[in-house]
Amino acid sequence: MRLSDYPVVFTSDSNYFFSCNAKTIRIISVETGQVVRILSASVEEGGHSNTVTCVMLNPKNSLQLYSASLDGTIKLWDFNDAILLRTFEVGTPITNMAMHESFPNDVYLVITKKSTKRFHKKQYKKSGGLVAKENSILVRYSLKSSRKRIVRLLSSRSCSGLVISSDGEYLVMTGRYKLHVIHIAAGDGIEQGGVTEHDESRFRTYLTPDRITALAFHPTEGCIATGDERGRITMWYCFGKNVDRPVTTSMHWHAHKVADLAFTSDGNYLLSGGEESVLVIWQLSTGHKQFLPRLGSEIKHITVSPDDAFYAMGHQDNSVNVIRAVDLKIKTNIQGLKFSHTDHVTNPLSTGLVIEPRNGHVVLNGLPGTLQFYDPIKDQHIMELEVFPRNKVSRTHEKEIVPPRVMHVAFSNDKAARWMVTVDGRDDKETTPELYIKFWEYDDDSHTYVLNTRVDSPHTKEITSCIFNPRQGNQAPMVVTTSLDGTFKVWELTHQGEARRGIEAEKAWSCRSTGFYRDMVPRAAGFASDGSLLAVAYGQIITLWNPYLNTLQGVLTQPPENRPIHHLTFLKNSPFLIAATSDHLYSWNLLTCSVWWSYQLKVDRLVPSQTNSNFVVTCSDRAQGSAPLHRILVFKPMDPKPIRIETIEKRARAITFMPDASAAARDAVEPILIMNHGFAFEVLGGRSVEELKAEAEQAAEKARAMALEAESKKSLMSDIFGKATAADAAAAAAKEKKEKKQQQDTAASRGMVSKKHMVRNPLFDAPSHVMAPVSSLFEAFMGQLLTQGKSAKEESKARKKALKQQKQEQVQQQAGAPGNTAETAIDIDMEDDVVEIVGAKEGEDDAIPSSLSKIFSARLSL
Amino acid sequence: MSSDFKSLTVKKYPRLPGRKTAESRYWRKFKSPIVVKEFAAVSSIHFSETSPYDFAVTASTRVQIYSSKTHQVKKTISRFKDVAYSGTIRNDGRLVVAGDATGLIQIFDVGSRAILRTFRDHRHPVHVAKFSSDKTQILSASDDKTVRIWDMPSETPLTIFTGHEDYIRAGMVSHDNPHLILSGSYDQTVKLWDMRTQGCVMTMNHGAPVECVDMFPDGGVVVSAGGPHLKVFDLLAGGRPMHSLSNHQKTVTSMCFDHSYSRLLTGSLDHHVKVYNVQDYSVVHSVKYPAPVMSVALSPDDTHLVAGMAGGLLSIRQRVVKSAEVQTRRAQEEQAQGGSYKYFVRGQKTAGEGDFIVESQKKRRLREYDRYLKVFQYGNALDACLRTNQPAVTTVSLIQELIHRDGLRQALSGRDDISLEPLAQFLVRNINNPRYTALLVDVTTVMIDMYTAVMGQSPLIDELFMRLRAKVKQEIAFQKQLFSVIGSMEMLFAKSTSTSVGVAFHNELSSTSNTSSSLAPKPSTESPAATIE
């Protein structure tokens, strides 16, 4: 989805707006933000074959829409039924279009002679504002079939705006430092083709000191507003005819360039926006300014709805905000994939595509410092998570402010995905680099992840990988990070402080152990699928560790290889370990500790499947003298023959398996999700996208139907009295409350053998006349009272004994483990200081001391 | 407004273990003890249950009413012929009862100090004289081994309980049932008496002469103190002992509960007052006093902790409460008042079902530095943070935020010696804190960069820069020392583990690891610091 490349256009009733989205046009409801209809969906059915740059309602019929595209065509649509009515061939890419109802058969176009290829390059550059176009030519195109359809009016270096005044008198075009005003209504001269560029009476060109970036025409008066690079807004009056020097006034608030300007339809207000992410509303008669700050991202386009009720803003981050004009509150917010519109040099896709296990959404870098949760099937934004909370501030100097970066994200693989770990940081090359590991817990109430623990500078250098252990049953979650500083660290969940009054102790993450191997640098790590073995790739060597006992279990080396391993992964339910260096792919069998097979491949990415033992790699081969070949290969661990090969045109930016329950059941290859070179998601294999989409839609339909049903249950009676449903709800709420309270009560009384506990005995709840005689109850009751304390004590004693035994066993086991190499070492340190606990209470960390003492006693026994 | 201004998030660091618990932080708020010298040992302290919570202190031959507001003596009742005991204020705050060593029990009017009633039947010293929860009766217990319930208007004993075999030094009337009376005696037993049966209904063995008894308000659990022990009995289970505690070294002389009956305080001759959590009867805090504690009391609003000591010292500790706490308490009190207009219209304003509640949004108050940050006045924000005596971590967080906004240079620029001084002071104070070192070294570098040119113009700043340099130098020397220690210890560990699994440990170094982690940026400070010279 590319939502905000070009300005949106409202329908005449202001209920919907059109958004140019690459080759298609989406009609989106203002009320719900949902896509209602898609025009130009496929080229075969007559859609545009290149990016749509401009849409405009037919001045004659407001139920029809003109669209202009870089493929050199203008198309007329009936947008209610999504029918293509006519196609006009212009032949050259169109970048701008203007029309007026007084000349319904003429359309003024800005076309560019440059090749589209070059244009693409420009487009992906993060330039902000309108795309710079070389050598724009303004032409008039006649929609009526006549002998001479195209009339060339003038050419300019690059066009940044094209408008016709509301009375149809003037056509204004801006290009770089020039403002061209053309008096188009002056007579029939143009009609006859007698007008040339040099006709002084019709063509006026005014020079400005700064480059013009935005243009708007006043709806009622003869006044043009232009915004320039330096942030100034200039109002031009009394132009045209025989005026050499028009009267201008200027307004200055913006610190950076004005990205777009728009007048409200009554002409009382002017809206402007730019890089500051602030919408400025100028009251023209008084000069009073009103601000709408912190809109989240730079403003690129502003559109005012015909009834003045809404302002729509296209933002730099691929989102459209529709705000109500009355209270300036956000009405609808539509967001696309944000990563495609960020600066990829400072904010690379370092997280890759990570599948969130809870809903199967894709998680990836969003704006700098955030993560975006995205549904690739429905092409829908789900959630944005601010990993590095900040107030977005626009730069004060020429230099951009260095943004924070999210480097890694991983989810615990339990079904609920309770934990998420992120690595983020910021390095401005001037001050000490910041590096954080953050542990997030899913909050069921707010349906988002909430920060649990933040660790400041967990490693002294950049973190190369960050993984969760695969948990089975009740295993505690564990996180391993590897870093360029030569160490890997194991993090685990600990309880801080003691449980009190039925409230559970605070949970927080802390470092459990630190390991290193010689003085090499780890670049990747992997957990075996039962979580009992940890593999860390140190250079070309794979080291195998027991994560619980912190012992080195073995070392695997591939002798001819001396390039470092970049990717390392275990496969689900198989004893194979896959390692990839820059030009080889190895499959290790851990049962024999030997290489099972290997391949000479330039591996870009390596992703294992979550449900079976397949894995996918992307690689690019460069055959002699031909274009590089980009392939996606799916392997089974046993077999060097790929079970599936896909060839793609351009390098995939990221790749992952899509979770698909039915594929897992059939033991088929899961569909592969790739982010292609143009930052769009593609699904390869498995069931078709349409099928998945249909399925998703079905589910949505079902939900909607249920909602409707609930709605329809409301009768007239209940509307008037609000009785039945409200009462039901109240009863349910009361019940829930009661249950909750009971739970709390039991939780509160669990820890102590107190009189409260016994008072709450059901015996005392019932009235005495319905109970059995006291004499028959007495024995049981007293027995219950008297044995309680004793049994509890005995139980704890027994537990202690069992624990002691266990400990001894462990110690013996450890003592028996053979020493492999003398160079390896594990430090276990408390890391008290660097661990930050969010809202945690103090308390001693008892887990680490006990493990310490265990190991110490092991050493003593040796 | 599309999204709210995010105010500065102050970093949080884990509290290091071994520090104060929340409980002890609470009890430490009872600060600034006022010590008053009485004539003799303070045998009893009792708080009035009505505001303003004055308290009666019994020492020697007089009972004094102290004001909790001023901590001064408000009234002195000294019409005793011998040593007075057990001065108690009735729960409406109007009457005081006290026994004395001659066996006399007297009731006084607090206002006029007049003797209103006298009860003379006891022949031995009366150590216990209290009001019953039934307002017209009083309880007394004496060394003549009897417990008596008196009818106040007629000055006649209603009931005489005999059964103890030694002096009775402790007693009370159950809060929820005025018919039940608890007494503790030197015969090492605690007895529960019932006025309806006119006899003892339960006897619990304490195992030492009982000095003090108390009961939870619902009458289910009894706590008794005697000798160095504290015992908890369950009345509903027939006086079964639930807990036996001996946290004191010497005899426990007095006990009291806090307002919510969730904490128990005991005073003992071993100079300590200990606080127990009644959930598990663990000691959560203890306070030391200069002399053996004879009596201890906590005010009903949990603001005053008063202890009387054997030497005649009376210590009054006050906890300053937040206004919010006072307000909730006041709201609670107001609710309890029946008969008022408020009482009758109570609950009528709450929203019913189907009512649409318009929620009023409270305006968030920003701190001063946040206000400056919001309007991009970085220098002022930093000044505001340093000026208002914020904790160091707030300032550090602010500096971090300024770096994120690329505004550190802007915040530091254009200062004269007066306005630079607070920042320089801050750096001198905190640069060696391992948590902040990395960041503050950056700030120092920037500051030195900017202000080297004007060095030597202000003696104030020159001196601060010299101090900063000395501090950095000292820290570097310290780090060097630590490293040599780490090195030698690592050698020892390597030696000891070279034969085994190959695993080295240095948990002893964990305490130093924090500081060592901050070593890396150190050399960079040294060089700019050197330029100062």
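The values are calculated or read from the model by the stated rules, or taken from the named source; none is laboratory data. Small disclaimer: the values here were computed from a predicted structure and weren't measured. Every residue, glycine among them, receives a Cβ derived from its backbone with ideal geometry; neighbour counts consider all protein chains shown.
Among the numbered conditions (1) under 41 Å from the mean Cα position of the chain (by Cα); (2) touching a residue at least 12 places away in the same chain (Cβ under 8 Å); (3) more than 9 Å from chain A (Cβ to nearest Cβ), tell me where B:Ile403 comes up short.
(3)
Out of everything in the range A:401-411 that is more than 14 Å from every other protein chain (Cβ to nearest Cβ), of a type outside the set (Gly, Ala, Ser) and touching a Phe, Trp or Tyr at 6+ places or on another chain (Cβ under 9 Å), what residue ends up being surrounded by the fewest Cβ atoms within 10 Å (Cβ to Cβ)? Walk me through it before giving the result.
Going residue by residue through the range A:401-411, those that are more than 14 Å from every other protein chain (Cβ to nearest Cβ) are A:406-411.
Imposing the further condition that a residue be of a type outside the set (Gly, Ala, Ser) reduces the set to A:406-409, A:411.
Now drop any that are not touching a Phe, Trp or Tyr at 6+ places or on another chain (Cβ under 9 Å), which leaves A:406, A:411.
Working: A:Val406: 27, A:Phe411: 20.
Only one residue fits best here, namely A:Phe411.
To keep it simple, each residue is scored yes or no on (1) farther than 24 Å from A:Met313 by Cβ; (2) of a type in the set (Asp, Glu); (3) assigned to a loop (DSSP other than H, G, I, E, B); (4) touching a residue at least 60 places away in the same chain (Cβ under 8 Å).
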position: A:Arg26; (1), (2), (3), (4): no, no, no, no
position: A:Gly33; (1), (2), (3), (4): no, no, yes, yes
position: A:Thr53; (1), (2), (3), (4): no, no, no, no
position: A:Asn61; (1), (2), (3), (4): yes, no, yes, no
position: A:Leu76; (1), (2), (3), (4): yes, no, no, no
position: A:Asp81; (1), (2), (3), (4): yes, yes, yes, no
position: A:Glu101; (1), (2), (3), (4): yes, yes, yes, yes
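Which number in (1) free of Cβ contacts under 8 Å to residues at least 40 places away in the same chain; (2) assigned to a loop (DSSP other than H, G, I, E, B) marks the one condition that A:Val450 misses?
Exception for A:Val450: condition (2).
Considering each residue of the range A:254-294, count those that are within 14 Å of chain B (Cβ to nearest Cβ), surrounded by 14 or more Cβ atoms within 10 Å (Cβ to Cβ) and in contact with a strand residue (DSSP E or B) (Cβ under 9 Å, 6 or more places away or on another chain), and give that number. Reasoning before the result, please.
Filtering the range A:254-294 down to residues within 14 Å of chain B (Cβ to nearest Cβ) leaves A:255, A:273, A:276-281, A:290-294.
Going one step further and asking which of them are surrounded by 14 or more Cβ atoms within 10 Å (Cβ to Cβ), we end up with A:255, A:273, A:276-281, A:292-294.
Those left that are additionally in contact with a strand residue (DSSP E or B) (Cβ under 9 Å, 6 or more places away or on another chain): A:255, A:273, A:276-281, A:292-293.
Total satisfying the criteria: 10.
Of the residues that sit in the range B:368-397 and are within 13 Å of chain A (Cβ to nearest Cβ) and of a type in the set (A, V, I, L, M), which one is surrounded by the most Cβ atoms within 10 Å (Cβ to Cβ)?
B:Leu373
Taking A:Asn359, is it more than 14 Å from chain B (Cβ to nearest Cβ) and part of a loop (DSSP other than H, G, I, E, B)? Show your work before the answer.
On the way: more than 14 Å from chain B (Cβ to nearest Cβ): yes; part of a loop (DSSP other than H, G, I, E, B): yes.
It is true that A:Asn359 is more than 14 Å from chain B (Cβ to nearest Cβ) and part of a loop (DSSP other than H, G, I, E, B).
Answer yes if at least one residue in the range B:275-285 is under 19 Å from B:Phe30 (Cβ atoms), more than 14 Å from chain A (Cβ to nearest Cβ) and either free of Cβ contacts under 8 Å to residues at least 60 places away in the same chain or in contact with a Pro (Cβ under 6 Å, 6 or more places away or on another chain) (or both), and no otherwise.
There is at least one residue in the range B:275-285 that is under 19 Å from B:Phe30 (Cβ atoms), more than 14 Å from chain A (Cβ to nearest Cβ) and either free of Cβ contacts under 8 Å to residues at least 60 places away in the same chain or in contact with a Pro (Cβ under 6 Å, 6 or more places away or on another chain) (or both).
Hey, any hits in the range A:342-349 for a residue that's under 12 Å from the mean Cα position of the chain (by Cα) and surrounded by fewer than 20 Cβ atoms within 10 Å (Cβ to Cβ)? Full working, then the answer.
Going through the range A:342-349, the residues under 12 Å from the mean Cα position of the chain (by Cα) turn out to be A:342, A:349.
Checking which are surrounded by fewer than 20 Cβ atoms within 10 Å (Cβ to Cβ) leaves us with A:349.
Yes, the range A:342-349 contains at least one residue that is under 12 Å from the mean Cα position of the chain (by Cα) and surrounded by fewer than 20 Cβ atoms within 10 Å (Cβ to Cβ).
Applying the selection to the range B:239-274, what residues are within 14 Å of chain A (Cβ to nearest Cβ), surrounded by fewer than 17 Cβ atoms within 10 Å (Cβ to Cβ) and of a type in the set (D, E, K, R)?
The answer is B:Arg240, and nothing else.
Let's see how each residue does on (1) among the aromatic types (Phe, Trp, Tyr); (2) in a loop (DSSP other than H, G, I, E, B); (3) surrounded by fewer than 19 Cβ atoms within 10 Å (Cβ to Cβ):
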site	(1), (2), (3)
B:Glu49	no, yes, yes
B:Lys74	no, no, yes
B:Gly87	no, no, no
B:Ala98	no, no, no
B:Arg113	no, yes, yes
B:Leu116	no, no, yes
B:His122	no, yes, no
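Return a yes/no flag: does the range A:439-447 have any residue that is closer than 19 Å to A:Thr482 by Cβ, away from chain B (no Cβ under 12 Å) and not in a loop (DSSP other than H, G, I, E, B). Walk me through it before giving the result.
Step one: of the range A:439-447, the residues closer than 19 Å to A:Thr482 by Cβ are A:439.
From what is left, the residues that are away from chain B (no Cβ under 12 Å) are A:439.
Restricting the remaining residues to those that are not in a loop (DSSP other than H, G, I, E, B) gives A:439.
Yes.
With at pLDDT 85 or above, aliphatic (A, V, I, L, M), over 19 Å from A:Cys20 (Cα atoms) and not in a loop (DSSP other than H, G, I, E, B) as the only criterion, which of A:Leu85, A:Leu138 stands out? Full working, then the answer.
On the way: A:Leu85 fails: over 19 Å from A:Cys20 (Cα atoms).
Result of the check over A:Leu85, A:Leu138: A:Leu138.
Check B:Glu38 against each of (1) surrounded by 14 or more Cβ atoms within 10 Å (Cβ to Cβ); (2) within 14 Å of another protein chain (Cβ to nearest Cβ) and name the one condition it does not meet.
Single failed check for B:Glu38: (2).
Only one residue in A:Thr581, A:Thr569, A:Thr611 is more than 22 Å from A:Thr482 (Cα to Cα) and not basic (Lys, Arg). Which one?
Values: A:Thr581 fails: more than 22 Å from A:Thr482 (Cα to Cα); A:Thr569 fails: more than 22 Å from A:Thr482 (Cα to Cα).
Being more than 22 Å from A:Thr482 (Cα to Cα) and not basic (Lys, Arg) holds for just one of A:Thr581, A:Thr569, A:Thr611, which is A:Thr611.
Taking the criterion of being at pLDDT 80 or above, within 24 Å of B:Lys288 (Cβ to Cβ), touching a Lys or Arg at 6+ places or on another chain (Cβ under 7 Å) and among the charged types (D, E, K, R), would at least one residue in the range B:43-61 satisfy it?
Within the range B:43-61, the subset at pLDDT 80 or above is B:43-61.
Keeping just the survivors that are within 24 Å of B:Lys288 (Cβ to Cβ) gives B:43-47, B:55, B:57-59.
Those still in the list that are touching a Lys or Arg at 6+ places or on another chain (Cβ under 7 Å) too: none.
No: zero hits.
Out of the range A:413-426, which residues are assigned to a loop (DSSP other than H, G, I, E, B) and at pLDDT 90 or above?
Pass one, the range A:413-426, residues assigned to a loop (DSSP other than H, G, I, E, B): A:413-418.
Within the range A:413-426, none qualify.
Residue-wise test of (1) touching a Leu at 6+ places or on another chain (Cβ under 7 Å); (2) not hydrophobic (A, V, I, L, M, F, W, C).
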position	(1), (2)
B:Phe216	no, no
B:Ala237	yes, no
B:Met242	no, no
B:Asn247	no, yes
B:Cys256	yes, no
B:Ser262	no, yes
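Could you list all residues from the range B:406-430 that are surrounded by fewer than 20 Cβ atoms within 10 Å (Cβ to Cβ) and within 13 Å of chain A (Cβ to nearest Cβ)?
Hits for the range B:406-430 are B:Asp406, B:Arg409, B:Gln410, B:Ser413.
I want to confirm something. Restricting to the range B:481-491 and keeping residues that are surrounded by 12 or more Cβ atoms within 10 Å (Cβ to Cβ) and over 41 Å from the mean Cα position of the chain (by Cα), which single residue is nearest to B:Thr452 (Cα to Cα)?
As a first pass, look at the range B:481-491 and keep what is surrounded by 12 or more Cβ atoms within 10 Å (Cβ to Cβ): B:482-483, B:485-486, B:489-490.
Checking which are over 41 Å from the mean Cα position of the chain (by Cα) leaves us with B:483, B:485-486, B:489-490.
Working: B:Phe483: 32, B:Val485: 37, B:Ile486: 37, B:Met489: 42, B:Glu490: 42 Å.
Only one residue fits best here, namely B:Phe483.
Sort out which residues of the range A:317-327 are crowded, with 16+ Cβ neighbours inside 10 Å and under 19 Å from A:Thr264 (Cβ atoms), and write them in order of number.
At the first step, the residues of the range A:317-327 found to be crowded, with 16+ Cβ neighbours inside 10 Å are A:317-323, A:325.
A:Val320, A:Asn321, A:Val322, A:Ile323, A:Ala325 - these are the residues of the range A:317-327 that are crowded, with 16+ Cβ neighbours inside 10 Å and under 19 Å from A:Thr264 (Cβ atoms).
All but one of (1) surrounded by 15 or more Cβ atoms within 10 Å (Cβ to Cβ); (2) modelled with pLDDT of 90 or more hold for A:Phe239; which doesn't?
Status for A:Phe239: all satisfied but (2).
Among the residues of the range A:362-400, count how many are buried (at least 19 other Cβ atoms within 10 Å of the Cβ) and either at positive phi or within 10 Å of chain B (Cβ to nearest Cβ) (or both).
Final tally of qualifying residues: 3.
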